[in-house]
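Have a look at the structure below, then the notes.
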Amino acid sequence: MPEPIDLHTNEEYQENWVKYSCLDAESTFWLREVLIHHLENRKSFGQDNSINNMYELYLKYWRDFGKTLVEMERVGFKINTNVLNNAKSQSVYDLEELNNKMKEYVAYELGLDNSKYFNPTSVKQLQSFLYAPWSKSKLENKESITKLENDNIKHDESNYIDSTKINSNIDYVNRYVKFKLMNPEWIPNSKELNKDKSRMINFNIKGLNLPVFDLSLSGLPSVDATSLKKIQTQFI
């Protein structure tokens, strides 16, 4: 796409630019006519009895409000940077507090050795911790998966599923999930400091088997903000 200055001044583009601009203006006009027709045929509900339809509502309130928004966008508005910086600092503090509380709970559920490697921003770790075990086919069919596995299953290596195998193609994920992670205590380019450490560590998660309210686009249990809010509402 040529630069706007070239579209306006270069003879090579001018004719097509004029045609496009005219078509755009005409299309916008007819779109306006269609929208007016639809709005006039939609009843307005509210306390203002002088308004009979949505088009009248638009004329009385939204049109002037739109002008205000355009003016705000044109001139901008002043921001109190002190307030903004204070809010940022408070947000960082609150996030750290919430992360610590999350890790305390994970420590209670998984054991202290495991919990220090838990990453609450990892989708796969959250999925495993909150929902395992699950069956994708049962989730898609809205079937209950509670108690898919008995809590008394022997807790050893043979019962762990490798986290790398959890993807949109897998149907069943058992309660125990094994993660292989870079050791956060590993120091690059330092043989002396790393002599008693492994570069990679195994981190095991035992799922809580909570109800799955929503699925992600890949068909796996969702851990977005909306889904986590539903869990909070259900259990708190």
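The values are calculated or read from the model by the stated rules, or taken from the named source; none is laboratory data. Predicted model, so just to flag it, every value in this text is computed and none were measured. Because the Cβ atoms are built from the backbone with ideal geometry, glycine has one as well, and the counts that use them run over all protein chains shown.
Restricted to the range 66-175, the set of helices (runs of 4 or more DSSP H) holding at least 1 residues that are at pLDDT below 70 and either aliphatic (A, V, I, L, M) or under 30 Å from S198 (Cα atoms) (or both) comprises 112-115, 136-140. Condition (residue is closer than 30 Å to Q125 by Cα and either touching a residue at least 40 places away in the same chain (Cβ under 8 Å) or among the polar types (S, T, N, Q) (or both)) applied to the range 68-90: is it met by at least one residue? Within the range 68-90, one or more residues are closer than 30 Å to Q125 by Cα and either touching a residue at least 40 places away in the same chain (Cβ under 8 Å) or among the polar types (S, T, N, Q) (or both).
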